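The values are calculated or read from the model by the stated rules, or taken from the named source; none is laboratory data. Every value quoted in this text rests on a predicted model; they were computed, and no experiment measured them. So basically every Cβ, Gly included, is an ideal-geometry build from the backbone, and we count neighbours across all protein chains shown. To get the accessible areas, we keep the full protein, side chains included, count just its heavy atoms, and leave off ligands, DNA and RNA. Shrake-Rupley method; radii C 1.70, N 1.55, O 1.52, S 1.80 Å.
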Amino acid sequence: MLSMIFKRVALIAGLLGGAVFGSPQALAEDNVGQPSPAQLRAALLQPTDLGSDFVRRKIRYRKPLLDRDYVHTKACAQAVNRVAPLYRSKTATWIVRGELAEGINQFIVSGTASRTAALERAAKVMVRDCAKGRAARLKKDPGATATITKLPVGKLGSGMRYRLMEPRNSDDPTMVVDMVIIRVENTLIALEYSCFYTEYDPDLTRSAAKTATAKLQKALKQ
């Protein structure tokens, strides 16, 4: 029993803290190049990086917008949950345009190489299990359909786009959420663009992702 408890505690510690159980040399190598909090803060997007009409959002979300109420398969819901630790980062910013209808949330997480690789793999699994490219009806709203497709971001990272359509709002999507996970060395960026009941900019996510990547690369060199 004690052995089982110890194994569970060790597993939880490894997942939450990015711990690597090995020799001191392995631990040192895994933590090489850890950026400082100041470097990570310098990498955050500013409202002016997106446009003159963007401001900071007062409401701060700490979990992916695509929760079980919106996704239409169990595998997709589980995959989204695996990247949720990124949204609990202390280095984050929330930027909005308009009456809270359109905005970008950004979270930056840095850790050991093993922890970063694990989260990056989780992001790729999320895209694989969610971005099926077909419309599916939601159980909570039989009249609505949800479509999740892969979002091309080139070599920046992994991304997907979620579109919710309702019959009463057939011309424009009720909700659009873009999710992009970007890795630069041992640091990850989670970028989420959301738009509710308004026209969305299909090019904003990629533009913001490129700017965020460039800012992080510059910050890591300081």
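Annotations for the structure displayed:
- Residues satisfying the stated conditions in segment 36-87, i.e. part of a loop (DSSP other than H, G, I, E, B) and of a type in the set (D, E, K, R): Asp53, Arg57, Lys58, Arg60, Arg62, Lys63, Asp67, Arg68, Asp69
- Residue that is nearest to Val184 (Cα to Cα), among those in segment 93-117 that are open to solvent by 20 Å² or more (accessible area, probe 1.4 Å) and in contact (Cβ under 8 Å) with a residue 12 or more places away in the chain: Ser110
Let's see how each residue does on (1) touching a Cys at 6+ places or on another chain (Cβ under 7 Å); (2) modelled with pLDDT of 65 or more; (3) closer than 29 Å to Lys221 by Cβ; (4) among the polar types (S, T, N, Q):
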residue	(1), (2), (3), (4)
Pro24	no, no, yes, no
Glu29	no, no, yes, no
Gln34	no, yes, yes, yes
Ala43	no, yes, yes, no
Asp49	no, yes, yes, no
Asp53	no, yes, no, no
Ala84	no, yes, no, no
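- Residue within segment 173-194 that is over 14 Å from Val109 (Cα atoms), out of contact with any strand residue (DSSP E or B) (no Cβ under 6 Å at 6 or more places or on another chain) and open to solvent by 40 Å² or more (accessible area, probe 1.4 Å) present: no
- For Thr145, the requirement of being modelled with pLDDT under 85, polar (S, T, N, Q), surrounded by fewer than 21 Cβ atoms within 10 Å (Cβ to Cβ) and at negative phi is met.
- Failed condition for Arg206, given (1) of a type in the set (D, E, K, R); (2) crowded, with 17+ Cβ neighbours inside 10 Å; (3) at pLDDT 95 or above: (3)
- Filter result (among the polar types (S, T, N, Q), closer than 18 Å to Ala131 by Cβ and open to solvent by less than 50 Å² (accessible area, probe 1.4 Å)) within segment 69-92: Thr73
- Residues of segment 63-99 classified as out of contact with any Ser or Thr (no Cβ under 6 Å at 6 or more places or on another chain) and under 18 Å from Cys195 (Cα atoms), total: 14
- When Lys150, Lys140 are checked against the criterion of being among the charged types (D, E, K, R) and modelled with pLDDT under 90, Lys140 stands alone in meeting it.
- One residue from Arg168, Arg163 being closer than 16 Å to Asp201 by Cα, open to solvent by 30 Å² or more (accessible area, probe 1.4 Å), out of contact with any Leu (no Cβ under 9 Å at 6 or more places or on another chain) and at pLDDT below 90: Arg163
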